[in-house]
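I have placed the structure first, in the form of structure tokens, so that the comments after it can refer back to it.
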Amino acid sequence: MSTTYPSGPPCAQRGGHGHPGLIHRFLDRLPFEADDPIVTLQEGSTPLVLAERVSEIVGAEVYLKIEGANPTGSFKDRGMCCAVTQAKKEGAKAVICASTGNTAASAAAYASRAGLKPAVIVPEGKIATGKLAQALMHGARVIALRGNFDVALQLVRELVAEHPIALVNSVNPYRIEGQKTAAFELVEELGSLDALCIPVGNAGNITAYWKGFQEAGHSPMMFGFQAAGAAPLVNGAPVEKPETVASAIRIGNPARWEEAMTAMTTSNGRIAAVTDEQILDAYRFLAANEGVFCEPASAASVAGLMVHGAGDAGRVACVLTGHGLKDPQTALEQAGGVVPCEPELAAVESAVLG
């Protein structure tokens, strides 16, 4: 894979640490020039880990694409660096998004990095603690809407039509451009890939991966998995009141509905649903058996693979979209309790050894 790097001191372009941000790394495949006001936190180049125990269970070679290793802890950073770079290039002074959490955290971080004002609209009481904390710490104006994500997105789209504010949801084509780079990385590292398993919420990510694979000359089967309580693509109709423990994919009317379905049908993949119980089983399994702590929505990709399979695929990549610390409350509810202990050796021995 050819890669073009901009001129200038490596430390200036790469932050002096490890790898360039994805715009610099894939500059020849993205709609930017080296002298654009590129906003980066050195996102991308995330780990790809062989999941040995999952592989044994499903009878295929399964890899985990750990997007929680991005700067704000989710895959959203890939698209956000591009969307915010374009907003800055166009002279925007503020950015806005509707969000179930990860987009809000990422938008706030990249906007603050760019010197722009971030505003986010989230469903009241439906955002995970870690994500809300991030958005607030990065200086975002956070509006808790008495409505779900789909209502929030519609209102944001109406708002930006009336005001000079950049919309950075996945309806923004620059988000898709940035997120497609994860497909490039998979092709670089694996060479060939038979299938991709991915959680589907607003459907921007599966759309982006398919675009990236197509541009790289690859066509793995695309398997999208939705939570049973928020499965409009599976049901073939919007879900008015989506409900699932996997808050990141609690979306009833995906903005990229048509593109996502095209990706799956064209690639001979499929869309399927997994229950909250199945999602949480995979969530706990990954942490306890693979050493990988992802947020519940991320585990939908592995749950889907374990429940529905991936056809005759021999090599499969599962996208883990966000880090487990995004949703500490769910983790604490699913994990074992803390063992109290007196400050004496015998007590410690008893506590440690059981």
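The values are calculated or read from the model by the stated rules, or taken from the named source; none is laboratory data. These numbers come from a predicted model, not from an experiment. Cβ placement follows ideal geometry from the backbone for every residue including glycine, while neighbour counts extend to all protein chains displayed.
Quick notes
- Selection of first residues in the range 194-208 that are modelled with pLDDT of 95 or more and among the acidic types (Asp, Glu) and of second residues that are buried (at least 24 other Cβ atoms within 10 Å of the Cβ) and not in a helix (DSSP H, G or I), restricted to Cβ pairs under 6 Å at least 6 apart or on distinct chains, gives the following pairs, ordered by first then second residue: Asp194/Pro220.
- Residue that is nearest to Gly101 (Cα to Cα) [pool: residues in the range 56-80 that are surrounded by fewer than 24 Cβ atoms within 10 Å (Cβ to Cβ) and free of Cβ contacts under 8 Å to residues at least 40 places away in the same chain]: Pro71
- Members of the range 226-241 found to be part of a loop (DSSP other than H, G, I, E, B), in contact (Cβ under 8 Å) with a residue 24 or more places away in the chain and either polar (S, T, N, Q) or under 19 Å from Ile198 (Cα atoms) (or both), listed by number: Ala231
- Residue list for the range 209-251, restricted to those being among the small types (Gly, Ala, Ser) and modelled with pLDDT of 95 or more: Gly212, Ala216, Gly217, Ser219, Gly224, Ala227, Ala228, Gly229, Ala230, Ala231, Gly236, Ala237
- When the range 303-348 is filtered for residues that are hydrophobic (A, V, I, L, M, F, W, C) and closer than 12 Å to Ala246 by Cβ, only Ala303 remains.
- Residue selection: Glu342 fails the criterion of being part of a loop (DSSP other than H, G, I, E, B), under 22 Å from Ala104 (Cβ atoms), acidic (Asp, Glu) and without any contact (Cβ under 8 Å) to a residue 40 or more places away in the chain.
- Some residue of the range 58-77 being part of a helix (DSSP H, G or I) and farther than 22 Å from Arg284 by Cα: yes
- From Glu277, Glu295, residue being modelled with pLDDT of 95 or more, acidic (Asp, Glu) and surrounded by 18 or more Cβ atoms within 10 Å (Cβ to Cβ): Glu295
- Restricting the range 152-171 to residues that are in a loop (DSSP other than H, G, I, E, B) and not polar (S, T, N, Q) leaves a set whose member that is nearest to Asn205 (Cα to Cα) is Val171.
- When residues of the range 303-334 are limited to those that are of a type in the set (A, V, I, L, M) and outside any strand (DSSP E or B), the one farthest from the chain's Cα centre (by Cα): Ala313
- Scanning the range 271-302 for residues that are among the aliphatic types (A, V, I, L, M) and not in a strand (DSSP E or B) yields Ile279, Leu280, Ala282, Leu286, Ala287, Ala288, Val292, Ala297, Ala299, Ala300, Val302.
- Of all residues in the range 13-35, those that are modelled with pLDDT of 95 or more have Cβ atoms under 8 Å from Cβ atoms of residues that are small (Gly, Ala, Ser) and not in a loop (DSSP other than H, G, I, E, B), 6 or more apart or on another chain, in Leu22/Gly178; Ile23/Gly178; Leu30/Gly178.
- Exactly one residue out of Thr207, Thr181 is touching an Asp or Glu at 6+ places or on another chain (Cβ under 8 Å) and assigned by TED's automatic domain parsing to the domain that holds Ala317, and it is Thr207.
- Of Ala128, Ala60, Ala114, Ala34, all but one fail to be of a type in the set (Gly, Ala, Ser), assigned by TED's automatic domain parsing to the domain that holds Leu325 and in contact with a Lys or Arg (Cβ under 9 Å, 6 or more places away or on another chain); the exception is Ala60.
- Within the range 187-205, restricting attention to residues that are within 18 Å of Gly44 (Cβ to Cβ) and buried (at least 24 other Cβ atoms within 10 Å of the Cβ), the residue that is nearest to the chain's Cα centre (by Cα) is Asn205.
- In the range 134-181, residue nearest to the chain's Cα centre (by Cα) [restricted to those that are basic (Lys, Arg) and closer than 18 Å to Ile251 by Cβ]: Arg175
- Qualifying residues in the range 93-136 (those that are assigned to a loop (DSSP other than H, G, I, E, B) and modelled with pLDDT of 95 or more) - the one surrounded by the fewest Cβ atoms within 10 Å (Cβ to Cβ): Gly115
- Residues in the range 329-339 include none that are surrounded by 23 or more Cβ atoms within 10 Å (Cβ to Cβ) and assigned by TED's automatic domain parsing to the domain that holds Ala182.
- Subset of the range 212-226 [within 19 Å of the chain's Cα centre (by Cα) and farther than 30 Å from Glu243 by Cβ]: Gly212, Phe213
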